[in-house]
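**Student:** This is the structure, below, for whatever I ask next.
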Amino acid sequence: MSTALTPFRAGIPDADLADLRDRLARTRWPEAETVDDWSQGVPLDYLRDLAAYWRTSYDWRATEARLNALPQFRTEIDGLGIHFLHVRSPHPDAVPLLLSHGWPGSVIEFLDLIGPLTDPDDPADAFHVVCPSLPGYAFSDKPAATGWTVERTAAAWAALMARLGYERYAAHGVDWGSFVTGALGGLDAEHLLGIHLAMPFAKPPQEQVALDERDLAGLAALKEFQQNEGGYSALQSTRPQTLGYALTDSPVGQLAWIVEKYWAWSDHDGDLEKVVSRDRLLDVVTLAWLAGTAASSARIYWESHNKMALGPVDVPTACSVFPKDARMPRAWCEHRFTDLRRWTDHETGGHFPALEQPGLLVDELRSFFRPLARSGRA
């Protein structure tokens, strides 16, 4: 197995971009929804407008340039090629920080964080940032066999940080990245300063625990989510291959499948683009389309959805909980994360804090990891 770190640059062929525009121009549209809201899915008028903008105005090359302005690499871990960003701070004593994305995201979600994290006003707040693409996402390889679970991915991330020479590091995750980061806290504790989770999950403890109003409201919201919003996870956890045929063949299908989640899971007043611009939305969708990851990115649901052990984690942990995101009871999380040092119920924000609330997320990461770095995790 090669352990080389090979420099990487994104370079999508012009023919692929022309093919995308051609497919968008030839979209076969369904009839309009029979309601006046998003309860049946993405409204036809909104998607037509967004698809037209994607075809005539959106500039993938600008986003590609943003990616290529940062150091990118690929390396082989456990038989799979992994793509990652590795942006070192100009401050040599910066804390290594591993950022893990989820579905339907990618490393693109973190681009606005990298400058503030790597080169802050105060060198004490500096991080060396590592952002890997999950297996089957973006420019990482697509697994050709089963077995790439959350736990295996966490082990790969531990191997990556060791390969980069980081003896001690911090980690943050959102969505599937939160599950990966939690698993990482269990299997690589000796090398972790701590972990920060933007969607902590835990099983109910054996003994009865008191739940407050926010805990009860969070459980009720999770139940409602499964009833009204959980169709995507049912499909991706059972038939990712079948779904992949449709989304890999239709850019508008891929657009609707992803944008619906940003609309439903972001904190906004009915206008998503006030909190996540259409260019940033299309960055995520375009990378998924060009990399052809509709099926491969969904397979993490098939591998791990409702199958994780959610074992105890003893490293220092912080949880940032946003009102439009899933909220487990704090008491449950305290039983899983035995050194839970920080729990913040934010007043605004949703499932994509790096896009919706980048400044707030940067402040959270700084304030939690700064004392851990100074004390050596005491």
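The values are calculated or read from the model by the stated rules, or taken from the named source; none is laboratory data. Please read these numbers as outputs of a predicted model, since none were measured by experiment. For neighbour counting, all protein chains shown are included, and Cβ atoms are generated from backbone atoms with ideal geometry for every residue, glycine included.
**Student:** Can you give me the ranges of the helices (runs of 4 or more DSSP H) entirely in the range 211-281 with at least 2 residues that are among the acidic types (Asp, Glu) and surrounded by 14 or more Cβ atoms within 10 Å (Cβ to Cβ)?
**Tutor:** On the way: elements: 213-228, 231-238, 240-249, 251-265.
Of the helices (runs of 4 or more DSSP H) lying wholly inside the range 211-281, none has at least 2 residues that are among the acidic types (Asp, Glu) and surrounded by 14 or more Cβ atoms within 10 Å (Cβ to Cβ).
**Student:** I've got another one for you. Quick one: what pairs do we get from the range 61-72, first residue under 16 Å from Ser106 (Cα atoms), second exposed (fewer than 12 other Cβ atoms within 10 Å of the Cβ) and modelled with pLDDT of 95 or more, C-beta under 6 Å, 6+ apart or different chains?
**Tutor:** Asn68/Arg9
**Student:** I've got another one for you. Under 8 Å by Cβ, and 6 or more places apart or on different chains, what pairs join a residue from the range 88-107 that is more than 17 Å from Arg370 (Cβ to Cβ) with one that is among the acidic types (Asp, Glu)?
**Tutor:** Pro90/Asp119; His101/Glu109; His101/Asp175; Gly102/Asp175; Trp103/Asp175; Gly105/Asp175
**Student:** Kindly indicate which of Thr181, Thr146 is in a helix (DSSP H, G or I) and either surrounded by fewer than 18 Cβ atoms within 10 Å (Cβ to Cβ) or of a type in the set (Ser, Thr, Tyr) (or both). Break it down stepwise before answering.
**Tutor:** Numbers: Thr146 fails: in a helix (DSSP H, G or I).
Matching residue, one of Thr181, Thr146: Thr181.
**Student:** Quick one: which residue in Leu360, Leu290 is more than 16 Å from the chain's Cα centre (by Cα), within 19 Å of Gly173 (Cα to Cα), at pLDDT 95 or above and not in a strand (DSSP E or B)? Let's see the steps before the verdict.
**Tutor:** On the way: Leu290 fails: within 19 Å of Gly173 (Cα to Cα).
Leu360 is the lone residue from the list that is more than 16 Å from the chain's Cα centre (by Cα), within 19 Å of Gly173 (Cα to Cα), at pLDDT 95 or above and not in a strand (DSSP E or B).
**Student:** Whether any residue in the range 304-314 is small (Gly, Ala, Ser), within 30 Å of Ile12 (Cα to Cα) and part of a helix (DSSP H, G or I) is what I want to check.
**Tutor:** no
**Student:** Here is a follow-up. State which residue is surrounded by the fewest Cβ atoms within 10 Å (Cβ to Cβ) when the search covers only the range 114-143 and only residues that are of a type in the set (A, V, I, L, M) and assigned to a loop (DSSP other than H, G, I, E, B).
**Tutor:** Out of the qualifying residues, it is Ala138.
**Student:** State yes or no: is Arg327 in a loop (DSSP other than H, G, I, E, B), of a type outside the set (A, V, I, L, M, F, W, C) and under 20 Å from Leu365 (Cα atoms)?
**Tutor:** It is true that Arg327 is in a loop (DSSP other than H, G, I, E, B), of a type outside the set (A, V, I, L, M, F, W, C) and under 20 Å from Leu365 (Cα atoms).
**Student:** Under 18 Å from Ser320 (Cβ atoms) and either assigned to a helix (DSSP H, G or I) or under 22 Å from the mean Cα position of the chain (by Cα) (or both), is that true of Ala202?
**Tutor:** yes
**Student:** If you don't mind, another one. Against the condition charged (D, E, K, R), within 23 Å of Tyr137 (Cβ to Cβ) and out of contact with any Asp or Glu (no Cβ under 8 Å at 6 or more places or on another chain), how does Glu213 come out, does it pass? Quick ask: steps written out before the conclusion?
**Tutor:** Numbers: charged (D, E, K, R): yes; within 23 Å of Tyr137 (Cβ to Cβ): no; out of contact with any Asp or Glu (no Cβ under 8 Å at 6 or more places or on another chain): yes.
For Glu213, the condition - charged (D, E, K, R), within 23 Å of Tyr137 (Cβ to Cβ) and out of contact with any Asp or Glu (no Cβ under 8 Å at 6 or more places or on another chain) - is not met.
**Student:** Looking at Thr63, Thr75 in this structure, which one is in a helix (DSSP H, G or I) and under 23 Å from the mean Cα position of the chain (by Cα)?
**Tutor:** Details: Thr75 fails: in a helix (DSSP H, G or I).
Just a single option satisfies the conditions, and that option is Thr63.
**Student:** Let me ask something else. Could you check Ala291 against (1) of a type outside the set (Lys, Arg); (2) over 20 Å from Met199 (Cβ atoms); (3) touching a residue at least 60 places away in the same chain (Cβ under 8 Å); (4) in contact with a Gly (Cβ under 7 Å, 6 or more places away or on another chain) and say which number it fails?
**Tutor:** (4)
**Student:** What residue, of Ser304, Ser297, is under 30 Å from Gly147 (Cα atoms), in contact with an Asp or Glu (Cβ under 9 Å, 6 or more places away or on another chain), small (Gly, Ala, Ser) and at pLDDT 95 or above?
**Tutor:** Going through Ser304, Ser297 in turn, the sole match is Ser304.
**Student:** Another question about this same structure. For residues that are under 16 Å from Ala246 (Cβ atoms) and under 27 Å from the mean Cα position of the chain (by Cα), scanning just the range 21-48, find the one that is surrounded by the fewest Cβ atoms within 10 Å (Cβ to Cβ).
**Tutor:** Here the residue is Gly41.
**Student:** Here is a check on your reading of the model: is Gly311 over 27 Å from Leu216 (Cβ atoms), out of contact with any strand residue (DSSP E or B) (no Cβ under 8 Å at 6 or more places or on another chain) and surrounded by fewer than 20 Cβ atoms within 10 Å (Cβ to Cβ)?
**Tutor:** So Gly311 fails the test.
**Student:** Looking at (1) under 25 Å from Arg152 (Cβ atoms); (2) at pLDDT below 95; (3) surrounded by 15 or more Cβ atoms within 10 Å (Cβ to Cβ), which one does Pro323 not meet, given that it meets all the others?
**Tutor:** Result: Pro323 passes all but (1).
**Student:** Can you tell me which residues in the range 188-200 are modelled with pLDDT under 95 and surrounded by fewer than 17 Cβ atoms within 10 Å (Cβ to Cβ)?
**Tutor:** none
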